[in-house]
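In what follows, a single structure is set out as structure tokens and then discussed.
The values are calculated or read from the model by the stated rules, or taken from the named source; none is laboratory data. All of these numbers come straight from a predicted model, not from anything done at the bench. Glycine gets a Cβ as well: all are built from the backbone with ideal geometry, and neighbour counts include every protein chain shown. Each accessible area value is taken on the protein alone, full model and side chains, heavy atoms only, with ligands, DNA and RNA left out. Shrake-Rupley method; radii C 1.70, N 1.55, O 1.52, S 1.80 Å.
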Amino acid sequence: MVAVLKPTYPALRPMRVEDLEQVAAIEAAAYEFPWTFGIFNDCLRAGYASWVLTRTGGEIVGYGVLSVAAGEAHVLNVAVAADERGQGQGRRIMSRLLDLARWHRVERIFLEVRPSNPVAIRLYHDLGFNEIGRRPNYYPARHGREDALVMAMEMLPPEPPLA
Ligand SMILES: CC(C)(COP(=O)(O)OP(=O)(O)OC[C@H]1O[C@@H](n2cnc3c(N)ncnc32)[C@H](O)[C@@H]1OP(=O)(O)O)[C@@H](O)C(=O)NCCC(=O)NCCS
């Protein structure tokens with residue numbers, strides 16, 4: 001007999017092209033200057049680690065995108081649908097991205113965040129990120145541009161076992 005397991009909520013799985021309508025809809029509601037469907041599609045094609053968080057039934061409630069290259073990882077995007085926030089979903093997605101970065105044995109992980117986004121900044125601090133600088137005029141803003149806060153976390157691999 002084969003047991004058919006229903007996915008338990010919340011479930012994290014790699015993002016697929018078929019997800020992009022839902023992902024782009026969450027994105028459009030989450031940001032004033034959102035990524036387009038095409039940008040997410042490019043991330044998939046580029047092989048960036050792109051994951052979605054789903055509830056039972058398969059509806060997508062959040063996602064995260066991570067690039068990894070040359071021993072460094074970069075959190076490119078993370079968002080949770082507005083009616084699902086404040087319940088640990090953003091932390092779950094970020095934890096998966098951090099696990100992926102560790103799996104790739106990166107030494108350092110970076111992200112940019114708007115200084116006007118205290119919720120995200122608090123989450124990142126809580127996870128162990130530190131502010132390492134600013135990129136002036138990085139983001140489009142309603143009245144001109146906004147700086148980006150650059151945050152990073154060292155992810156040194158464990159010491160090798162003693163011979
Ligand atoms: C940032 C975001 C992903 C957080 O997701 P979330 O599911 O709401 O966050 P969680 O419930 O996992 O909370 C994780 C931590 O975030 C912080 N946080 C969450 N909601 C908060 C709030 N209303 N006020 C202050 N801090 C808050 C807390 O540190 C919280 O940890 P705690 O619950 O132990 O206090 C979500 O708010 C979001 O999608 N925002 C719009 C898109 C965005 O700004 N993305 C980040 C771009 S850099």
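With both labels modelled 7 Å from their Cα along Cα-to-Cβ, the Leu123 to Tyr138 distance reads 1.6 nm.
For the pair Glu107 and Glu18 in one chain, pulling the backbone fully straight at 0.36 nm per residue adds 28.8 nm over the alpha carbon distance. Taking Cβ atoms as reference points and 14 Å as the exclusive limit, the residues near Ala152 contribute a net charge of -2, counting Lys and Arg as +1 and Asp and Glu as -1.
Around the amide H of Tyr138, modelled in the peptide plane, lie the amide H atoms of Glu146, Asp147, Ala148, all under 5 Å away and 5 or more residues distant in sequence or on another chain. For the stretch 103-163, the ratio of Cα radius of gyration to the globular rule of thumb 2.2 N^0.38 Å stands at 1.46.
Share of carbon and sulfur in the accessible area of the chain stands at 54%, probe radius 1.4 Å.
Scaling against 2.2 N^0.38 Å puts the C-alpha radius of gyration of the stretch 24-94 at 1.11.
Amide H contacts of Ala81: Gly62, each under 5 Å away and 5 or more positions distant or on a separate chain (H built 1.01 Å from N in the peptide plane; Pro and chain starts excluded).
Can you give the convex hull volume of the alpha carbon atoms of the stretch 57-123 per residue, in Å³? Mind dumping the intermediate values first?
Numbers: hull volume 6.4 nm³, N = 67.
It comes to 96 Å³ per residue, whole-number rounded.
With θ taken as phi - 60° and the Karplus curve 6.51 cos²θ - 1.76 cosθ + 1.60 applied, the whole-hertz 3J(HN,Hα) list for the stretch 61-70 is 10, x, 7, x, 10, 10, 10, 10, 7, 6 Hz, x standing for glycine and proline. For the chain, the solvent-accessible area with a 1.4 angstrom probe is 61 square angstrom per residue. With every protein chain in place and a 1.4 angstrom probe, the accessible-area ranking of Ile93, Ile39, largest first, reads Ile39, Ile93. Note on Glu72: accessible area is roughly 70 Å² with a 1.4 Å probe, heavy atoms of protein only.
Only four residue types carry charge here, +1 at the Cβ of Lys and Arg and -1 at the Cβ of Asp and Glu. Report the dipole size of the stretch 17-163 about the Cα centre in Debye, rounded to the nearest 20.
240 debye
What the pair-distance distribution of the chain shows, using all Cα-Cα distances binned every 5 Å from zero, is 2, 8, 17, 19, 21, 16, 9, 4, 3, 1, 1, 0, 0 percent.
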